[in-house]
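For reference, the structure discussed in these notes is given below.
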Amino acid sequence: GRLSHHASLALVPVSASLHGPSFAVGDRVRIGVGLQFRAGFFRHHCSVSAMSPLTQRAMEPTKHAFCTSSSDQEVESATAPDGHVRLHNASAPPFSSGLPSGLARSQQLYMMQRFLNIPATPSYVKKDNGLVLDRVVMNVGGRTWWQTLTLRLRAQRAWNTQEFSKGKPHQVLSDPSMYALGGRFRVGFGANTVLRGLGELGSLSGAVEDFSKIRRKLAWGGGTGDTSKAVNGPGGGRNNAKGGRTHSSATNVRGIKSDTFATNNKPAAADDPSPRGRITLQTKVVSGHLVSLDASLRERYQTNSGYEDGPSFVSASVQSRGARVLNYKFGVRHWLDETLPKFERGVDQLTGTIVTRPPPRREATVGASLEHQVTLWRGTRRAANPDSKWNKGYAALPQTPRFVVGGLVGGTARLALRSDDETTAGTGGGTSGVTAPGASSSSEPSTVAGAPTTLKSVQKGTVDHRQVLSLTAHASFGSFSKPVLDYTAVDVRYDLSSCSSGYGQLPSASGTGTGTNDAPAMDALAAPKTAMEKLVTSGFDGHIRVASETFTVGATQQLLGPVRLRAEIRFGPGVASAAAVAGWRAMITSDKLPDAKNDGPGSNKKPLPGSVAGKGGGGSGATVGGHRGPGGPGGSSGKAFQSAKTENGSKVASAWRAASAEICDAELVYGIDVPLPPALGAARLVAWYNVKRGEAMAEMRLFDL
């Protein structure tokens, strides 16, 4: 054979892989060394290749894992008329169906109104009593700016009122609490700078009331006459005893048709009429970076257990952008609310448990992440049928079978620049937000009676750390070009986030001063439950604790033509193992049901509790778990199980019920995805439903490939 060794030196700029070869002084240098060995027909190649960023569509949730764990991340939600809420230090990145498509919700609604002739787009929101209808009522703009207003009607709440059933819909539809309003604007300054904002009124009752007060005040000429009747209306005052505003609605003024939406004999909760919103100024004047300035007012945040109103803040950040392996972000934030709520997850120094506590009044963060994607297998795309009008397939881009794996690892350090002078105190027994020992760390923190609840805000100079790991495997089969079952995809994602045990300051054991910031957590009070938690705790001597650990499994299947069915489920590893054990035990227990030969007339075995003796021979026919066991010869209970197939089916059903009871807290999202024919797959109609949160939304995604 022949042995040849060669080394090559090449200048490869950062932008060469994206924008073609362009060389400049100071470009990055990459050295490639290749070894080539030939011996007859044998040839071996060994090369050092550069890492690739996450570009596969299935890797988008993994790519967003860094921002989700370290700062804020937008996620789609049907609860807001604008269709977006935020995640803050969440336990896992959003579902793929919940990632923003880049097209504003109001623009999606307007496109469906104009091009698909849909007068109002339906959504389902459990807290709004069911079906709601969204419609853009104003859309104005020019070449560099636009402004929209979206009106929401709580249609099912209106339908279930007594007045509507009595044939008086005008009385219901004139109630301002049946409506919500959302607005969004965007103004461009040149090619690199944009100013955008969004706002929301959860109910128009407050705005209508304030407008009535102003109008009546002007009508009275600024006098001091008694206008309480005119302002408050015949039903009495709108202001409660505490000086707050009580929101009238058709559901609580006139009653509702069914008690489905009532809790503890009370009407459905009133909607918050206070405004909320955000203004953002972004610029890309710095090449490869995005500079953002944000001002937020009471935005809604999504948590594991529901939604909550977050505190207002102002922030500034600089982050890398584009497809790159190394990403980083710098930022500062100042919270504006007078009293900061227990809003963040961290580790309690004294108990070693995951708690929720107030953030520092002012903070500076710096973080970086490293990502990589590898295509392990790539198949061949099947040729499309030339006789079909979909001769190029149903997708805008060619769908090739492949198996891809990718991952991201990152970390964030936060420095408290200013502490909160006010102590957020509470009394033991329900307000500490401490995760009980033995509970899954991936769930929302629960309360522990007697736990230390005098939690001060993070003190000035305190540094805490957060780490995130996200791994994804994606496999797809088919070319999405045939009319039936020509595309199948399976995605499996593992997400892990951890934080330092010195998260914040707590009073010392003596009750004076503060505890040591880097004190390890106490393992005896919160023993690790999963293999990863044990590994992290032992590897870092308790200084770092696992805050959340989740698995997400998703599947996509073409049904007919361009219609695809999507489903995703998220659960914790502890929950999955508990469900498997419960299902196995249920199946084993079903094998131990009494047999016919042991329950005959001559059997000395005592019948099980709740058994019913059979006739014509005295068979036992015990009833266990809702299934009647086989009786003795001639007994009528022996007809319960007609065949071994039925018996095996009952075993599987029992195991499924037992496993489902353990994973009842898992979050399941399913829906359909339909590419639109006029756009050749570049525009898609997407509808999804979140079972746990009780919300569904239909939308049009454009260029979301």
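Ordered by residue, what ³J(HN,Hα) values in Hz, to whole numbers, does the stretch 190-202 give under the Karplus form 6.51 cos²θ - 1.76 cosθ + 1.60, where θ = phi - 60° and Gly and Pro are x?
Using θ = phi - 60°, the values come out as x, 8, 10, 10, 9, 10, 10, x, 8, x, 8, 10, x Hz.
FRET efficiency for Gln282 and Thr400, Cβ-Cβ distance as r, R0 = 45 Å, nearest 0.05?
Values: r = 35 Å, r/R0 = 0.77.
Efficiency, from the Cβ-Cβ distance: 0.85.
Is the shape of the stretch 86-151 best called rounded, prolate or oblate, per the rule: a/c under 1.5 gives rounded, else a/b larger than b/c gives prolate, else oblate, with a ≥ b ≥ c the square roots of the Cα gyration tensor eigenvalues?
Numbers: a/c = 2.16, a/b = 1.33, b/c = 1.62.
The shape class here is oblate.
How charged is the neighbourhood of Gly288? Take every other residue with its Cβ under 11 Å from the Cβ of Gly288, and add Lys/Arg as +1 and Asp/Glu as -1. Intermediate results must be reported in sequence, preceding the final value.
Values: positive: Lys284, Arg321, Arg324; negative: none.
My count for the surroundings of Gly288 gives +3.
For Ala191 paired with Asp210, estimate the spin-label separation in nm (one decimal), with each label point 7 Å from Cα along the Cα-to-Cβ line.
The two pseudo-label positions are separated by 4.1 nm.
What nm distance separates the two modelled labels at Leu293 and Val140, each placed 7 Å from Cα along Cα→Cβ?
2.6 nm
Can you pull a Stokes-Einstein diffusion coefficient for the stretch 41-155 at 20 °C (1.002 mPa s), Rh from Kirkwood over Cα pairs, as a whole number of µm²/s? All intermediate terms of the calculation are to be shown ahead of the outcome.
Working: Rh = 17.2 Å.
Taking Rh from Cα pairs, D becomes 125 µm²/s.
In whole percent, and with a 1.4 Å probe on the protein chains, what portion of the accessible area of the stretch 72-216 is carbon and sulfur? Write down the numbers at each step before the final one.
Values: 3630 of 6110 Å².
About 59 percent, which is the carbon plus sulfur part of the accessible surface.
The values are calculated or read from the model by the stated rules, or taken from the named source; none is laboratory data. Because the structure is a prediction, the values reported are computed rather than measured. With ideal geometry, Cβ positions are generated from the backbone for all residues, glycine too; neighbour counts draw on all protein chains shown. Keep in mind that these areas ignore ligands, DNA and RNA; they rest on the heavy atoms of the full protein, side chains included. Shrake-Rupley method; radii C 1.70, N 1.55, O 1.52, S 1.80 Å.
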